[in-house]
Amino acid sequence: MMSSAPPPEPPAGAGAGDDDMESLPLAAASDYASVASTFDPLLSSASASVASPRSPPARAAYTLSATSSSSFVDPPSYADATGAGAGSSSPRSASASPRFARAAASEYALLAVSDPETEAEPAATSLVPGSAPTYVSYLVTSVRRGDPAQRRHAVRRRFRDFVTLADRLAEAFRGHFVPPRPDKNTVESQVMQKDEFVAQRRAALERYLWRLAEHPAIGPSDELRVFLQAEGKMPLPGSTDVASRMLDGAARLPRQLIAGEEAVAAPQDVVQPAKGGRDLLRIFKELKQSVVTDWGGVKPPLVEEDREFLEKKEKLQEWEQQLTASSQQAEALVKAQQDMGETMGALGLAFVRLTKLETEEAMYDSQRIRAADSRRVATAAVKASRACRDLNAQTVKYLDTLHGHLSIMLSVHTAFSDRASALLTVQTLMSDLASLQSRIEKLEAASSKIFGGDRARIRKVEELRETIRATEDAKFCALREYERIKENNRSELQRLDRERKEDFLVMLKGFVASQAAYAEKIVDGWETVAEETSGYSRGTNNMPSYMD
């Protein structure tokens, strides 16, 4: 499986520990590589330089990672791979990456999640000593780009705090494509080794914060700033569980139905979806409105008339289907390249052993010549295996853009759901107004038949008129919220189109460049072996005398 979407090329000071998340977890040194390196000094790897954590060096946008000192697998730049960089000595800067540009334009120069620590739950009690519930907290470090003092804020946050942040952002930025937070992954936490799971979650949380910082509306928001800078416990209100909200709503429902308490949603409540559960009467009303509209065939008082939005929504659904298929094929390609590299390495190891055997038992020059030729094939096979492994890492790095945009579709669906929910709220309130007006007309007609009027009916009419005024206020707020969400959808769709074009252009260029560069390197290696063993192709009549 390909890794999850990588974070942007981090600005100076950003986490370098996540660079390993951009490639598959391939073995750093397989047995065939180690055997070959002891047999042939050409295959010995250079010692890797240790980069300073949180301060990665700038990388070229299309420069492939080097894993060996051999010139055969020295990764070329994009310009070299396409033949356009003859005579050029400087590769393209990492700042050419659109993800890097968006991160550089964000409010934060540094965002890092590090130093996971296991802590005990506060006031936790357990009958078994030493078995108190624990959780893992992470050190979240941030530096604002506009801060003249470049103050470094460091706070500890647990995963529950990230969940609270995501819930708060979902409420405050309805209609926006809010980046989805990492999943809880309860099953994986039980199956995987704890250290491995914590490391993966740490990297996922850091990428999540970078995506939030890159968002033009969420990046400068107070919600994100408070999360990154406020000391102590997460100050944002925690989300109450569904069961508690439903119990509160059930307790209020009799008073709403019998005493008429809070029968009309307050203006500050209608700007949030009804699915929270605290107002069951509103949920039932909107459910009734939805059933009447969808199944009853009754045209609602307000419908979605934005043709451009409906067309884009349909195209995005088709785009998601094609993106899913492309993502699956990308994973199949990664698996095939990995298998190719492992098979080529096994072939090289087999020839290494064969060469060693013939060298030890050689009694004639022809045996030594065959051993030398086998050694050339073994060397080329091992180098080709390393090239396949490096190529696979680059394939994951570039094609992971498919996974990244596929995850964005979750945010798109949520934003469209916010729009539909806001429209349903407006429709329900407009239907309530029509129903209330109809009741007033009936009461006035019945009261007019009584001489002097019916005081009870007149009093009821006045109560209904007061309810209408409150409903009108709620409808005005709901309609304004609906228009705000529509505008957010419009701006976010424009941003998505622009970023998709930029990201896919870089993905295709980088993918093609890496495929061409490594294919050329592999071909060059085998062509060298073919030239060195060209005597075999001239037939037995033209074989050199030493082969007789």
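The values are calculated or read from the model by the stated rules, or taken from the named source; none is laboratory data. Just so you know, these numbers come straight off a predicted model, no measurement behind them. Counting neighbours? That spans all protein chains shown, and the Cβs are built from the backbone with ideal geometry, glycine included. To get the accessible areas, we keep the full protein, side chains included, count just its heavy atoms, and leave off ligands, DNA and RNA. Shrake-Rupley method; radii C 1.70, N 1.55, O 1.52, S 1.80 Å.
Based on what the data block shows, is E444 open to solvent by 40 Å² or more (accessible area, probe 1.4 Å) and assigned to a helix (DSSP H, G or I)? Answer is yes for this residue. Cβ separations smaller than 9 Å between residues 6+ apart or across chains give the following pairs from the range 99-119 residues that are closer than 23 Å to E502 by Cα and among the hydroxyl-bearing types (S, T, Y) to residues that are modelled with pLDDT under 90 and open to solvent by less than 50 Å² (accessible area, probe 1.4 Å): S106/P8; S106/P11; Y108/P11.
For A393, the test of being over 30 Å from Y208 (Cβ atoms) and part of a helix (DSSP H, G or I) is failed. Just the residues that are among the basic types (K, R), out of contact with any Asp or Glu (no Cβ under 9 Å at 6 or more places or on another chain) and in a loop (DSSP other than H, G, I, E, B), please, taken from the range 138-180. Correct list: R151 only. Taking each residue of the range 496-509 that is closer than 16 Å to W319 by Cβ and looking for partners that are charged (D, E, K, R) and crowded, with 16+ Cβ neighbours inside 10 Å with beta-carbon atoms closer than 8 Å, six or more apart or interchain, yields E499/R102; D503/R99. Figure legend. Inter-residue proximity from the range 387-410: first residues within 10 Å of G341 (Cβ to Cβ), second residues among the hydroxyl-bearing types (S, T, Y), beta-carbon distance below 7 Å, spacing 6+ or different chains. Indicated pairs: A387/Y518; D390/S65; D390/T67; D390/Y518; L391/S514; L391/Y518.
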